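This report refers to the structure that appears directly beneath it.
Laboratory data are not the source of any read-out in this text; all were calculated from the coordinates shown. Keep in mind it's a predicted model, so treat the numbers as computed, not measured. Methodologically, a virtual Cβ is constructed for each residue, glycine included, from the backbone with ideal geometry; neighbour enumeration extends over all protein chains shown.
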Amino acid sequence: MRNKSVATLAGMSVLALYSSMAVGSKYNFPEPQSVIAQDIYDQHIVLLWICLAIFIGVFGVMFYSVLKHRKSLGYKAANFHHSTTVEVIWTVIPCLILVAMAWPATKTIIAMKDTSSPDMTIKATGYQWMWGYDYLQGEGEGISFFSKLSTPRAQLQNREPKGENYLLEVDNNLVVPVGKKVRIILTANDVIHAWWVPALGIKQDAIPGFIRDTWFTADNPGIYRGQCAELCGKDHGYMPIVVEVLDEAAYAKWAAEKLVGTSSAVNLAAVSTEMAASGADEAVEAAEENSDNN
Ligand SMILES: [Cu+2]
């Protein structure tokens, strides 16, 4: 009786320790910020509980059998060969457990692939070693920029103390509105990269010559960080992803400002092209005049 209660107490304290470690540990998944991320997180925790139950069950029976039936207590090994009942049980039970785990996982994967009717679409292009973003559809359509690592070289070379978001900070964040379905179209310009933002439940390869897509709807405003998750060359560790989720009004303001910036940049480019063209015309005219004079 005493043994039993000691065992129960030990078991319960292990479980309590385990669940307190699971919540808010830096080794755990980040706090989920989208429906998909929440699904992934919940299933991850349930699977760990299942693993723990199997671990305790299997090792409990094993240690009990070994200790209770040891030779020094006078036990003799049984000498049987075959038990159809046991074989059926140890095949059927794991199968049922696997099906029970695969069912919700499959549902989540199908939901992850459902990129239909987005509120906005953004193309993300992987480059060695940065990301390019083009807002293709929805509010902010036409915005286009590159997003590069902004951690100073001095920090990389240990000449300065490392900052809070060391290697997880960029010059231009990918800005999106909260509560809107954002479809991300992915491709790459050189080698395979992968766009991975754990808090939003996204991990998708960006493959040159192919288009892949994924989506998220951010639950809360905030800054969510990720990284390229496909070994893509020497600066693979230096192409982070920063998603900045703003409330609707702040996003509208950001988009309007960014669009003005983009269009004036486009206008400037157009003007300089025009100037270059007219400059060329003048040069041609001058040249023609020159040859006439000769
Ligand atoms: Cu990469």
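Points to keep in mind about this one:
- Going from the residue with the fewest nearby Cβ atoms within 10 Å to the one with the most, Trp90, Trp131 rank Trp90, Trp131.
- Cβ crowding within 10 Å ranks Leu167, Leu98 as Leu98, Leu167, fewest other Cβ atoms first.
- Entry note, segment 120-253: relative contact order of 27 percent, from Cα contacts under 8 Å with a spacing of 6+ residues.
- Across the options Ser147, Leu136, Leu168, the greatest Cα extent toward the positive end of the charge dipole of segment 120-253 (unit charges at beta carbon of Lys, Arg, Asp, Glu) belongs to Leu168.
- Residues with amide H under 5 Å from that of Gln227, placed H, sequence gap 5 or more: Trp196, Ile241
- Shape category assigned to segment 120-253 from the gyration tensor of Cα positions, a/c cut at 1.5: oblate
- For segment 31-112, a crude dipole built from +1 on the beta carbon of Lys and Arg and -1 on the beta carbon of Asp and Glu, taken about the Cα centre, is about 660 debye to the nearest 20.
- Centre separation in Å (Cα based) which lies between segment 142-198 and segment 57-73: 54
- Farthest positive-ward along segment 31-112 dipole, Cα basis, beta-carbon charges - from Ser34, Thr108, Ile97: Ile97
- What the phi angles of segment 64-74 give under the Karplus curve with 6.51, -1.76 and 1.60, with θ = phi - 60°, is a coupling list of 4, 4, 5, 6, 6, 10, 6, 4, 5, 8, x Hz, glycine and proline written as x.
- Under 5 Å between amide hydrogens, built in the peptide plane, is the criterion, and for Asp213 it picks out Leu186 among residues at least 5 positions away or on other chains.
- Karplus-derived HN-Hα couplings along segment 89-99 (A = 6.51, B = -1.76, C = 1.60, θ = phi - 60°), whole Hz, x at Gly and Pro: 4, 6, 9, 5, 4, x, 4, 5, 4, 4, 5
- Within segment 52-155: Cβ-based charge dipole about Cα centre, in debye rounded to nearest 20 (Lys, Arg +1; Asp, Glu -1): 940
- Here's how it looks for Ala206: its modeled amide H is under 5 Å from those of His193, Ala194, Trp195, which are all 5 or more places away or on a different chain.
- Dipole size of segment 120-253 about its Cα centre, with +1 on Lys/Arg Cβ and -1 on Asp/Glu Cβ: approximately 240 debye, rounded to the nearest 20.
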